[in-house]
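Undergrad: Pasting in a structure now, in structure tokens, and then I'll have a few things to ask.
The values are calculated or read from the model by the stated rules, or taken from the named source; none is laboratory data. Please read these numbers as outputs of a predicted model, since none were measured by experiment. Neighbour counts run over all protein chains shown; Cβ positions are idealised from the backbone, glycine included.
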Amino acid sequence: MKVTWCDEMKCQVSTSFSTLDLDDCCDSPETPNSLYESLLDLPETPIRKTVFLVRHGEALHNVAEKSALQEALTTLSNRDFPDEDVKREALEIARRSALTDEGLKDAPLSAKGHEQAGITATKMSKLVDEDADLKPPEAVFVSPLQRALQTAALMFPKHNEVHVCDLLRERCTGFPCDERSEVPSLQSRKSFCHMSFDQVIEDDNDSMPDNVTEQEVEDEPPIFRRFHTWPLIEEKFMLRKRTAGLGKLLQGTDADSVCIVTHKGFLRELERGPLGQPEASEFSNCEVRVYSVCVCHGEILQAELRRGSK
């Protein structure tokens, strides 16, 4: 039975999907070893990269969120909420309730999302044409979630250096929309056939943490998902630490200009953390921002926003 935000408000339940004790979680989720196997001998001299950051186009779960929030706002407008915090929590419960829909597993782009990706590809080409210092992306790195893959496929349909990378996936929230499809299923898609999946964790039980049994996974409520070597729920501070891995990714590629196609949560923590933009606004769907990034020893030393929001 699906629990609605109204039911939860009646019970006055403050919902939390976190199962991690912050005091016990000092480390970020482990990035797959295979991701950095080719990065063992990083150059010691600082190098500068041009980085195009792109959020995926509108996906079906984004549509569901907006619809749930609008419905909740309409209902709440007929009630007296002297406390704004209570109203905000009611809206958050409505949003989260919409995301529990199993039909949104690895949510694909909406029709609008497809259109946005095409428009963004044109905008990027225009940016490069107008700025002599910008080069078209020589390598593209993309999250393995379907909405990001579709966005990259529409923006770079014939690019021969598109790499699917688990590092770039959205925060592990436990919601079906953030559960990745199986790798063989993704690889078989015609629109993804030009992409390399070498930097994605394979879907097998051998990659589960040693302290997690198959029975524990089976006993979990459907809303929660285990991402094998990833934690059940990834806290925001853990995601921010994971985004620092982009430094190694950038230094490990020969490309001077790269494009990163990923998610709002990842981009938020990347900008406000490693890129040194603590007041950065969240990306809208298919928004593009361009950075000049200096890396050394696999770490981001400096980042300058060249195009996009401040």
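Here is a yes/no grid of residues against (1) touching a Ser or Thr at 6+ places or on another chain (Cβ under 7 Å); (2) at pLDDT below 95; (3) of a type in the set (Lys, Arg):
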| position | (1), (2), (3) |
| --- | --- |
| ASP219 | no, yes, no |
| PRO222 | no, yes, no |
| PHE227 | no, yes, no |
| PRO231 | no, yes, no |
| LEU246 | no, no, no |
| LEU249 | no, no, no |
| SER257 | yes, no, no |
| ILE260 | no, no, no |
| GLY273 | yes, no, no |
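Undergrad: ALA107 is checked against (1) at pLDDT 95 or above; (2) closer than 22 Å to GLU161 by Cα and fails just one. What number does that condition carry?
TA: Answer for ALA107: the failing condition is (2).
Undergrad: A further question follows. I'm told MET238 meets every condition in (1) outside any strand (DSSP E or B); (2) within 25 Å of ALA153 (Cβ to Cβ); (3) among the hydrophobic types (A, V, I, L, M, F, W, C) except one. Can you identify the failing condition by its number?
TA: (2)
Undergrad: Quick check on the stretch 66-77. Is at least one of its residues of a type outside the set (Phe, Trp, Tyr), closer than 25 Å to ALA152 by Cα and over 18 Å from the mean Cα position of the chain (by Cα)?
TA: The answer is yes; a qualifying residue exists.
Undergrad: Report yes if SER143 is under 30 Å from SER97 (Cβ atoms), at pLDDT 95 or above and not aromatic (Phe, Trp, Tyr), otherwise no.
TA: So SER143 fits the description; yes.
Undergrad: Looking at the structure I just gave you, is ILE119 at pLDDT 95 or above, farther than 28 Å from ASP198 by Cβ and either out of contact with any His (no Cβ under 9 Å at 6 or more places or on another chain) or of a type in the set (Asp, Glu) (or both)?
TA: Considered against the rule, which asks whether it is at pLDDT 95 or above, farther than 28 Å from ASP198 by Cβ and either out of contact with any His (no Cβ under 9 Å at 6 or more places or on another chain) or of a type in the set (Asp, Glu) (or both), ILE119 comes out as yes.
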